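Working notes for the structure below.
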Amino acid sequence: MSGLRDFFEDIDRRYPPNTDFGYIRYLNNEHIIRLTEDNQRLKYEKSELKYENERLKIEFQDKI
């Protein structure tokens, strides 16, 4: 992940955040962060569903 951080820091040096290019980079970075957070949330929800599914299977088997 430090490679990505170095990459963004390099871009910040070339295009400071108060320039148009810096602002576009900032918006893009925000978008990447949002996508990453959404992806993590989906992974979490998916694992919760898997867990729930396994739990239901176990309960169902216990009842038989």
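The values are calculated or read from the model by the stated rules, or taken from the named source; none is laboratory data. Keep in mind that what you see is a predicted model, and the values were worked out from it rather than measured. Backbone-built Cβ (ideal geometry, glycine too); neighbour counts: all protein chains shown.
Which residue, of Glu37, Glu59, is loosely packed, with under 10 Cβ neighbours inside 10 Å and either modelled with pLDDT of 85 or more or part of a helix (DSSP H, G or I) (or both)?
Glu59
Cβ-Cβ under 6 Å, sequence separation 6+ or interchain: first residue in the range 5-21 and within 17 Å of His31 (Cβ to Cβ), partner part of a helix (DSSP H, G or I) and at pLDDT below 75. Which pairs?
What qualifies is Ile11/Arg25; Tyr15/Phe21; Tyr15/Gly22.
What are the pairs with Cβ atoms under 9 angstrom where one residue, in the range 24-35, is free of Cβ contacts under 8 Å to residues at least 24 places away in the same chain and of a type in the set (A, V, I, L, M) and the other, located anywhere, is surrounded by 10 or more Cβ atoms within 10 Å (Cβ to Cβ) and not in a helix (DSSP H, G or I)? Sequence gap at least six, or different chains.
Filtered contacts from the range 24-35: Ile24/Tyr15.
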